[in-house]
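Engineer: So that we are looking at the same thing, I have put the structure below in structure tokens.
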Amino acid sequence: MNHVPDTALEAIDAFGEGHLHGGSPPVRERLRSDLRLRIDPSDDGRTARCRFETEHTRTPRTLRERGSFLTTYVDGVDERLREWGIEPPDAYTYVETVDGTHRYEGSLRLP
């Protein structure tokens, strides 16, 4: 089951299509009330930073360690990225907490 909102899927599609045409727009989407997605292309054109931002009481080492329900969102994003030939990381790892929001990041390999 895909829980990723249509607006987020459309933003990922715009990112993938933009990469094919030489200009990927960044992705800034809310996946649910406590989970946001950010994708920023790098200057080299071969990678992009994918960050999930979440509010929660725990900060496990990887985002998927938060549980199966949240994993369905991450899997949905990764699946859509793969449809564009974009390879997501094996895991999104905890990097920092800013103003109570935990950030998990990984590097995307662009086609």
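The values are calculated or read from the model by the stated rules, or taken from the named source; none is laboratory data. All values derive from a computational prediction rather than experimental measurement. We work out accessible area using only protein heavy atoms, side chains counted, and drop any ligands, DNA or RNA first. Shrake-Rupley method; radii C 1.70, N 1.55, O 1.52, S 1.80 Å.
Engineer: Over the chain, give the accessible area per residue in Å² for a 1.4 Å probe, as an integer.
Structural biologist: With the other protein chains kept in place, the chain gives 53 Å² per residue.
Engineer: Based on the alpha-carbon gyration tensor of the chain, what equivalent-ellipsoid semi-axes (square roots of 5 times the eigenvalues) come out, in whole Å, largest first? Mind dumping the intermediate values first?
Structural biologist: Details: eigenvalues 99, 44, 30 Å².
Working through the eigenvalues yields semi-axes of 22, 15, 12 Å.
Engineer: Roughly what angle does helix 68-83 make with the longest principal axis of the chain, taking Cα atoms, 0 to 90 degrees, to the nearest 10?
Structural biologist: Helix 68-83 sits at roughly 10 degrees to that axis.
Engineer: Roughly how tilted is helix 6-20, in degrees to the nearest 10 and between 0 and 90, from the longest Cα axis of the chain?
Structural biologist: The angle comes out at about 40 degrees.
Engineer: Highest GNM mean-square fluctuation, the chain, Cα pairs closer than 10 Å: which of T72, T101, T57?
Structural biologist: Between T72, T101, T57, it is T57 that shows the largest mean-square fluctuation.
Engineer: Kindly provide the helix-only [θ] at 222 nm of the chain, computed as the sum of -39,500 (n - 2.57) over DSSP H runs of four or more divided by all residues, to the nearest 500 deg cm²/dmol? Mind showing how you got there, number by number?
Structural biologist: Numbers: 2 runs with 31 residues, N = 111.
Value at 222 nm, helices only, nearest 500: -9000 deg cm²/dmol.
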